[in-house]
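Q: The structure follows.
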Amino acid sequence: MTEQERNELMQIIRELSYEEREVTLASGRKSNFYFDGKQTALHARGGMLVGKAFWEIVKQFEGPIHGVGGLTMGADPIATATSIAAALEGQEVHAFIIRKEPKGHGTGQWLEGRKNLPPGSRVVIVEDVTTTGGSSMKAVERAQQEGLEVLGIITLVDRQEGAQENIEGQGQNLQAVFTREQVVG
């Protein structure tokens, strides 16, 4: 990813994903600003740039990486974009989706994309935004329960409200494409 593409991605995040308004976050905390990473990841150019940015970080992990995914909905477009970015470089890194509750019919699966990722597959959890890291760690736990080896977590934007410390305190690694400070100062 070039510096120009990185700057373009940051601009798309500022325009589409950042809002100053009162919200309740997934962590339960109240905030006067909000990042909705899905708006950027679902944008045609934004999604392509998200895939490239995440793939650049995924490539830094040692050894083979078999999959990228996380909790539905925030991770869905990121995992797909990252998988496609990898494929464009000739690498097979499959996307997967972790449901918030098991499928209510059929096989009752928690994880979609299972056939591409046998037990022992090495994966990276992806996330659109992290605040405390709670959602990321739920994804890590569920992936591990499914027999996957989680190597780390990547987020599009770290709100810098404890996620890094909480995730590292639980033995995982968090890397951010951008921090709140980088995006909004």
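The values are calculated or read from the model by the stated rules, or taken from the named source; none is laboratory data. Treat the numbers as computed from the prediction; the structure is a model and nothing was measured. Reconstructed Cβ throughout: ideal geometry from the backbone, glycine too, with neighbour counts over all protein chains shown.
Q: Among residues belonging to region 166-180 that are outside any strand (DSSP E or B) and touching a residue at least 24 places away in the same chain (Cβ under 8 Å), point out the one that is surrounded by the fewest Cβ atoms within 10 Å (Cβ to Cβ).
A: That would be Gln170.
Q: Give the residues of region 18-32 that are out of contact with any Asp or Glu (no Cβ under 9 Å at 6 or more places or on another chain) and not in a strand (DSSP E or B), sorted by residue number.
A: Glu20, Arg21, Glu22, Ala26, Gly28
Q: How about region 9-27: which of its residues are out of contact with any Ser or Thr (no Cβ under 7 Å at 6 or more places or on another chain) and touching a residue at least 60 places away in the same chain (Cβ under 8 Å)?
A: Pass one, region 9-27, residues out of contact with any Ser or Thr (no Cβ under 7 Å at 6 or more places or on another chain): 9-11, 14-15, 18-22, 24.
Matches in region 9-27: Leu9, Met10, Arg14, Tyr18.
Q: Here's another thing I want to ask about it. Has region 33-43 got any residue that is part of a strand (DSSP E or B), at pLDDT 95 or above, under 26 Å from Met1 (Cα atoms) and among the charged types (D, E, K, R)?
A: Within region 33-43, none of the residues are part of a strand (DSSP E or B), at pLDDT 95 or above, under 26 Å from Met1 (Cα atoms) and among the charged types (D, E, K, R).
Q: Name, by its number, the condition in (1) more than 17 Å from the chain's Cα centre (by Cα); (2) under 15 Å from Val157 (Cα atoms); (3) part of a loop (DSSP other than H, G, I, E, B) that does not hold for Glu15.
A: (3)
Q: Let me ask something additional. Determine which member of the set Val150, Val183 is within 20 Å of His94 (Cα to Cα), in contact with a strand residue (DSSP E or B) (Cβ under 9 Å, 6 or more places away or on another chain) and surrounded by 17 or more Cβ atoms within 10 Å (Cβ to Cβ).
A: Going through Val150, Val183 in turn, the sole match is Val150.
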